[in-house]
Amino acid sequence: EFFLALVMGIIFSVNLVSAVAVSGPYSENRPLEAYPGETKSFNLVLQNMVGDSDVKFRASVTEGEEIVRLADKNPEYLVPLGTNNLSVRVIVEVPKDAEVGSEYSARVDFEPVPLSTEEEGMVQIALGLSRYFKIKVVEEPQKEEIGIGWILLAIIVVVAFAIIIYFIAKSRQKQDFI
């Protein structure tokens, strides 16, 4: 009983509650869609809503490095306590020779790093975060070109409208004379 009480006391006295998280618009079930040769960017969002301290992470692309990179030169992100919207810009560059229908897997990891040099030797109870997502290669959408037919139709409509306005104005002038 004493041993159980001691273990329970230690567990409840250590603050292990943490609401540090990473979210983003794409996942394994909701892939980013891009065509061959296209470059897209989006934000992953870090948050630190519960706990008693700021946290710092070092981000790295650990899967899909051939097409995914971080936009920031410095991959370290300080996430102050109470933050729910710290953006991490991710860039995806689909190769021009990528096959339509193929998929790439990507993963961005966030590993905890000490906040200061004083903390470097201390044992930290901080968990790393990961965000997985897929990139699906789709066919490039066809660009709609305005053909000569549409231009001619627009000119005809404008001319017809001008003629109608001319005759309405002329008939009003005749009525004013009478």
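Taken together, the values in this text are just the output of simple stated rules run on the coordinates, not laboratory data. This is a predicted model, so every value here is computed, not measured. Reconstructed Cβ throughout: ideal geometry from the backbone, glycine too, with neighbour counts over all protein chains shown.
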Give, in nm to one decimal, the length gained when the segment between Ser130 and Glu65 is fully stretched (0.36 nm per residue of separation minus the Cα-Cα distance). 21.9 nm
So between Thr39 and Ile156, what do we pick up on full extension, going 0.36 nm a residue minus the alpha carbon distance? 38.1 nm
Label point distance in nm, Ile164-Glu140, each placed 7 Å from Cα along Cα→Cβ: 4.1
Which whole-Hz couplings ³J(HN,Hα) result when phi for each residue of the range 154-160 is put into the Karplus expression 6.51 cos²θ - 1.76 cosθ + 1.60, θ = phi - 60°, listed in order with x for Gly and Pro? 4, 5, 4, 4, 5, 5, 4
Whose amide H sits under 5 Å from the amide H of Leu81, counting only residues 5 or more places off or on another chain, with H placed in the peptide plane? Asp54, Val55
Using θ = phi - 60° and the Karplus curve 6.51 cos²θ - 1.76 cosθ + 1.60, what whole-Hz ³J(HN,Hα) does each residue of the range 127-143 get, with Gly and Pro shown as x? 9, x, 10, 9, 10, 9, 7, 10, 10, 9, 7, 10, 6, 5, x, 6, 7
